[in-house]
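The values are calculated or read from the model by the stated rules, or taken from the named source; none is laboratory data. Treat the numbers as computed from the prediction; the structure is a model and nothing was measured. Positions of Cβ are generated from backbone atoms using ideal geometry, with glycine treated the same way; all protein chains shown enter the neighbour counts.
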Amino acid sequence: MTNIDRSITVTKITRTFGDYTALNGVSLRVESGSIFGFLGPNGAGKSTLIKILATILASTGGSATVGGLDVATKSTEVRQRIGVALQDVGLDPVMRARELLVLQGRLYRLSTKEAKLRSEELLKTVGLADVDAKRKVGDFSGGMKRRLDLALALVHKPDILFLDEPTTGLDPVSRVQIWEEVRRLNRELGMTIFLTTQYLEEADRLADHVAIINDGMIVAEGTPTELKASIGQEVVTFAFSTPDMAAKALVLLQPLVTKVKTSGHEVLCYLNQAAQNLPQLLRVLDAAKLTITNVTIAQPTLDDVFLQATGARLNIDPTKEARSTKKS
Amino acid sequence: MTDIILLTVRTLKYYLRNPAETIPGIAISVFFLLVYNAGLSGVSNLPGFHGSYLAFILPVAIISAAINGAGLAGQSLVRDIQTGYYTKLLLSPARRLAIIWGAMIAGATVLLVEVFLILGLALLMGLKSQTGLAGYGMIILLTFIWGMAFSGFSVFVALKTKSANTTQASTFVFFPLIFLSSTFVPKEYITSHWLKIAATYNPTTYAFDAMRSLLIDGWQAKPLVLGFGILLAFATVTGVLSLIQAQRSTRLG
Ligand SMILES: Nc1ncnc2c1ncn2[C@@H]1O[C@H](COP(=O)(O)OP(=O)(O)OP(=O)(O)O)[C@@H](O)[C@H]1O
Ligand SMILES: [Mg+2]
């Protein structure tokens, strides 16, 4: 298990659609047996890269290997070794869950008997075992379809699993279940997992390594901790009862921290070792008789990394699904 | 090979669950057989016309069923493209050829069932053949090749346009194929010059000729060689076109 190559390498991959460039020289490496989080806003090029790595879309430049195999020249071998759950689930609505799973198993060269056993096992794993066996997949809820789609990707115990926004549109409970399943697959089977997400929290919690893509280019890369450390500083937010007070506080705090700015009746201070320095800040504000209504200390987030790299905030509002992309 | 069987069986199950999709094919064929046989059979009394009009019109009924059955192949593929299941199949190690042939063979199987029904009906109506059981076998084989040829065409349109409407509309080539041919009267009797030319270049004519020669004239080399040769060539062309289209999809995205 340990000596199988489960790594992914992407070297200067480019993909254009007409004169639109969806991927512009993307390079990255995913280590065998790691969880890789590919983070980016709508239209950044996440799905395009997954399709190229999964051999169903050709790149227009550069090269990539999956499990040590070139995706362009060894596509059939790559397909046998990977599991893929795309952003849009691909289920035949008139079939039953078991039929789909058994057929999928057979297509991946399992015997009928193996495929049946595996189907039952997977239905349990994704929590669909108790669904009426006669029910057509088309009548499943969105969340059930997504879980079945994940089960289909796992039929042949792939070495490498690609998940394109696996939790988009799921309720918080299902989301946590998927996270747990992803961790379990990684830990118990040593599966390399390449997942895309628009949620910072997801990348932060799950991934060993994160790359942030914007407009077809990688803008930041590293472990979540490294990336946050590159921002370097914690944020202390003081809330006052009026913006006026906040303005006065700004002047007082300026000499004591690395950077400070106001936002309405709040003041945001960027500094190292916030916890140790907080008492001093409080004393200054107290001496000036500025009444503080609330204080928070926050670690830098991946959102801050994104902000620093691109000068814009990530679109992290899950209710604002699929802001119109640039093309199509 | 296993992949082809698996995918064919899957599509056949779909037809079994949705028999309504296969009914138009049967209905049109039965219409040809009953209505034209009843209405036009006087033609066979014309001097120079030999054999029964039933034997003459039967190939038309069979071929029209075949076109409809073959159109099913393209439609089932469009359905898979639209549900995203086609992409799932592309992601699997199944060969592209198997994915396409699964749909084509299932369509051709439906049409074989239809052909058996039509032949049965014709026999009940008193059909007599000069070549007996082996002849019927040949007719069924010709129909199967014709069905694969037309399946290839509908699959090509499906992959090219990814549109259910266009694929459905493509079955309208049914009309020129059937009507610009020696459909209702033998080719020698076609008086219009352009129709004669159209009939000469229409592969359907050779399917008709081969089947009719089997039913009416007995074993004859020329129509059979022409029929099998032209239909096989036709099937190869549409088959290759659809496979190229399937392989191009990775490039285009
Ligand atoms: N087949 C295609 N033809 C033309 N443009 C395309 C095609 N596929 C993707 N694009 C464009 O490429 C860009 C990147 O798309 P992609 O689907 O990779 O984004 P994404 O990061 O997955 O976004 P989302 O979070 O919305 O899923 C988009 O602007 C999209 O419109
Ligand atoms: Mg996407």
Where residues in the range A:3-23 are in a strand (DSSP E or B) and surrounded by 18 or more Cβ atoms within 10 Å (Cβ to Cβ), which of them is nearest to ligand 1 (Cβ to nearest atom)? A:22
Within the range A:24-63, which residues are polar (S, T, N, Q), closer than 10 Å to residue A:10 by Cβ and surrounded by fewer than 22 Cβ atoms within 10 Å (Cβ to Cβ)? A:27, A:63
In the range B:199-231, residue nearest to ligand 2 (Cβ to nearest atom) [restricted to those that are loosely packed, with under 14 Cβ neighbours inside 10 Å and of a type in the set (A, V, I, L, M)]: B:225
Working carefully through the options A:63, A:34, find the one that is hydroxyl-bearing (Ser, Thr, Tyr), more than 9 Å from ligand 1 (Cβ to nearest atom) and more than 21 Å from the chain's Cα centre (by Cα). A:63
Do we have residue A:127 as surrounded by fewer than 17 Cβ atoms within 10 Å (Cβ to Cβ), more than 21 Å from residue B:81 (Cα to Cα) and within 16 Å of ligand 1 (Cβ to nearest atom) here? no
Which one is modelled with the lowest pLDDT, of the residues in the range A:157-175 that are within 16 Å of ligand 1 (Cβ to nearest atom) and either in a loop (DSSP other than H, G, I, E, B) or basic (Lys, Arg) (or both)? A:169
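For every residue, the table says whether it meets (1) surrounded by 16 or more Cβ atoms within 10 Å (Cβ to Cβ); (2) more than 16 Å from ligand 2 (Cβ to nearest atom); (3) away from chain B (no Cβ under 12 Å).
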| position | (1), (2), (3) |
| --- | --- |
| A:131 | yes, yes, yes |
| A:135 | no, yes, yes |
| A:138 | no, yes, no |
| A:141 | no, yes, yes |
| A:148 | yes, yes, no |
| A:155 | yes, yes, no |
| A:168 | yes, no, yes |
| A:172 | no, yes, yes |
Considering only the range A:201-214, I want to know if a residue exists there that is within 28 Å of residue A:299 (Cβ to Cβ), more than 16 Å from the chain's Cα centre (by Cα) and surrounded by fewer than 21 Cβ atoms within 10 Å (Cβ to Cβ). no
Does residue A:231 fit the bill of being at pLDDT below 90 and over 17 Å from the mean Cα position of the chain (by Cα)? yes
Of the numbered conditions (1) touching a strand residue (DSSP E or B) at 6+ places or on another chain (Cβ under 7 Å); (2) within 14 Å of another protein chain (Cβ to nearest Cβ), residue A:55 fails exactly one; give the number of that condition. (1)
Which members of the range B:204-253 meet the condition of being touching a residue at least 40 places away in the same chain (Cβ under 8 Å), small (Gly, Ala, Ser) and within 14 Å of another protein chain (Cβ to nearest Cβ)? B:246, B:249
Odd one out for residue A:66 among (1) within 16 Å of ligand 2 (Cβ to nearest atom); (2) within 19 Å of residue A:152 (Cβ to Cβ); (3) more than 9 Å from chain B (Cβ to nearest Cβ); (4) crowded, with 23+ Cβ neighbours inside 10 Å: (1)
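For (1) touching a residue at least 60 places away in the same chain (Cβ under 8 Å); (2) away from ligand 1 (no atom under 16 Å from the Cβ), each residue gets a yes or a no:
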site	(1), (2)
A:191	yes, yes
A:210	yes, no
A:226	no, yes
A:249	no, yes
A:252	no, yes
A:266	no, yes
A:270	no, yes
Residue satisfying condition, being more than 16 Å from ligand 2 (Cβ to nearest atom) and within 11 Å of chain B (Cβ to nearest Cβ), within set A:34, A:75: A:75
